[in-house]
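J.: Have a look at this one.
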Amino acid sequence: MTTAFASWSEFFAMGGYAFYVWLAVALSIIPLAVLVIHTVTQHRAILRDVSRQRAREARLRAAQTEREAA
């Protein structure tokens, strides 16, 4: 099995089309990375909001129970 390029410099030059090839790679990878970062950030925010909501509901139930007992 032989490789398509004889050296790393030829690989990065992409036969004279390096600008277009690496631009296409960057324009594919950057949005995917942004999507992953956004998804992780949103997931953490949702979990934090759910935790806050549960704590609030627990406080409300405790206050309701306290009012009923009094």
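Laboratory data are not the source of any read-out in this text; all were calculated from the coordinates shown. All values derive from a computational prediction rather than experimental measurement. Note that each Cβ is placed from the backbone with ideal geometry, even for glycine, and that neighbours are counted across all protein chains shown.
J.: What FRET efficiency do you get for Ser28 and Ser7 if R0 is 30 Å and r is their Cβ-Cβ distance, rounded to the nearest 0.05? If you can, show how the numbers build up before the last one.
T.: Numbers: r = 25 Å, r/R0 = 0.83.
It comes to 0.75.
J.: Follow-up. Given charges of +1 on the Cβ of Lys and Arg and -1 on the Cβ of Asp and Glu, with all other atoms neutral, how large is the dipole of region 8-69 about its Cα centre, in debye to the nearest 20?
T.: 480
J.: Also: Based on alpha-carbon atoms only, what is the radius of gyration of the chain relative to the globular estimate 2.2 N^0.38 Å?
T.: Rg over 2.2 N^0.38 Å, computed on Cα atoms: 2.48.
J.: If exposed means no more than 14 neighbouring beta carbons inside 10 Å and the site is in a DSSP loop, what's the longest run of the chain without any exposed chymotrypsin sites (Phe, Trp or Tyr not before Pro)?
T.: Values: sites that count: Phe5, Tyr17.
The reported range is 18-70.
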